[in-house]
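Scroll down for the structure; my scribbles are underneath it.
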Amino acid sequence: MSNVILASVSFSCGSIVMKSTAGFTKVWPSLLLAACFVIGAAFLARAVISAPVSTAVTVGLGIEAVAALAIGLLVLGERITPVQVMGLAFVVGGVALLRQ
């Protein structure tokens, strides 16, 4: 499970950088984004050696969803609606059920 968490952290770091790439028109942010995603894919590839692909990928995406929301709120100054909070609760609940 640690590889799934590391993959999610790497993908989430990439999401912070994504906005600064300006649609892949800025070289250094684009290279950093690509590196984050390649590193995340490498961790995820390691994770699926010992865990089912469906579970590892879905749990990873759930972690990324929570991280993306937190990054949007805390780093990018985005707002969250009550409907988004409810959606996040469904994601977290679904991930919890998948881990059973």
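For a modelled paramagnetic label at E78, 7 Å from Cα along Cα-to-Cβ, the residues of segment 1-44 in reach, with backbone nitrogen under 19 Å, are 8-24, 30, 33-34, 36-37.
Backbone phi angles across segment 69-86, fed through the Karplus curve with coefficients 6.51, -1.76 and 1.60 (θ = phi - 60°), yield HN-Hα couplings of 5, 4, 5, x, 6, 7, 9, 9, x, 6, 9, 10, 9, x, 5, 5, 4, 5 Hz in residue order; Gly and Pro are listed as x.
3J(HN,Hα) couplings calculated from phi for segment 28-36 with the Karplus curve 6.51 cos²θ - 1.76 cosθ + 1.60 (θ = phi - 60°) are, in sequence order, 5, x, 5, 5, 5, 4, 4, 5, 4 Hz; Gly and Pro show x. Loop-located trypsin sites (Lys or Arg not before Pro) across the chain with a Cβ neighbour count of 15 or fewer within 10 Å are K26, R79, R99, with loop assigned by DSSP. Of the chymotrypsin sites (Phe, Trp or Tyr not before Pro) found in segment 15-100, the ones in coil according to DSSP and having at most 14 other Cβ atoms within 10 Å of their Cβ are F24. Couplings 3J(HN,Hα) for segment 8-25, derived from phi with the Karplus relation 6.51 cos²θ - 1.76 cosθ + 1.60 (θ = phi - 60°), are 5, 5, 5, 5, 5, 4, x, 5, 5, 6, 3, 4, 6, 6, 6, x, 6, 9 Hz, where x marks Gly and Pro. Computed over the chain, relative contact order equals 31 percent, with contacts defined as Cα pairs under 8 Å that lie 6+ residues apart. When the helices of the chain are scored as -39500 (n - 2.57) per DSSP H run of n ≥ 4 and the total is divided over every residue, the value at 222 nm lands at -27500 deg cm²/dmol.
Once Rg and Dmax of the Cα atoms in Å is worked out from the coordinates, which option in (1) 35.0, 115; (2) 12.3, 36; (3) 14.4, 43 does it equal? It is the value labelled (3).
FYI, it's all coordinate maths here, none of it is from the lab. Values in this document were obtained by computation on a predicted structure and should not be read as measured data. Note that each Cβ is placed from the backbone with ideal geometry, even for glycine, and that neighbours are counted across all protein chains shown.
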